[in-house]
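Q: So that we are looking at the same thing, I have put the structure below in structure tokens.
The values are calculated or read from the model by the stated rules, or taken from the named source; none is laboratory data. All values reported here derive from a predicted model rather than from experimental measurement. No Cβ is skipped: glycine too gets one built from the backbone with ideal geometry, and neighbour counts run over all protein chains shown.
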Amino acid sequence: MKGETEEHLFGPDNMIMLIVYDEAAYLKDDIDGVRILFTGAKDKEKVYDEVRRLIEYHQQPDTNENAFRKGNEV
């Protein structure tokens, strides 16, 4: 993509990067290897909610390690 951009870093060790373009936004989470491209004005508005969600997710203690277990393991 070309044009003017704004870069913002968030999260632990600044591992969540948000690059905002005129008509799009790119969200990169190096903690989990997630990459999301938001295009268009309506989707671009959603990027800030996603940034908040990722920050909150990474601030929680690691309780999701065993999220999937068999019924007899409970």
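Q: Residue check: is residue 10 touching a Lys or Arg at 6+ places or on another chain (Cβ under 7 Å), at pLDDT 85 or above and surrounded by 11 or more Cβ atoms within 10 Å (Cβ to Cβ)? Before you say what the answer is, go through the steps one by one.
A: Details: touching a Lys or Arg at 6+ places or on another chain (Cβ under 7 Å): no; at pLDDT 85 or above: yes; surrounded by 11 or more Cβ atoms within 10 Å (Cβ to Cβ): yes.
Judged against the criteria, residue 10 is not a match.
Q: I'm checking my understanding of the structure. Among residues of segment 30-58 that are part of a helix (DSSP H, G or I), hydrophobic (A, V, I, L, M, F, W, C) and within 10 Å of the chain's Cα centre (by Cα), which one is farthest from residue 14 (Cα to Cα)?
A: 47
Q: Within segment 16-41, take every residue that is at pLDDT 85 or above and out of contact with any strand residue (DSSP E or B) (no Cβ under 8 Å at 6 or more places or on another chain) and give me the one that is farthest from residue 5 (Cα to Cα).
A: Filtering first and then ranking leaves 32.
Q: Additional query: Can you confirm whether segment 58-66 contains a residue that is modelled with pLDDT of 90 or more, surrounded by 15 or more Cβ atoms within 10 Å (Cβ to Cβ) and of a type outside the set (Lys, Arg)? It would help to see each step written out before you state the result.
A: First, pick out the residues of segment 58-66 that are modelled with pLDDT of 90 or more: none.
No, every residue in segment 58-66 fails to be modelled with pLDDT of 90 or more, surrounded by 15 or more Cβ atoms within 10 Å (Cβ to Cβ) and of a type outside the set (Lys, Arg).
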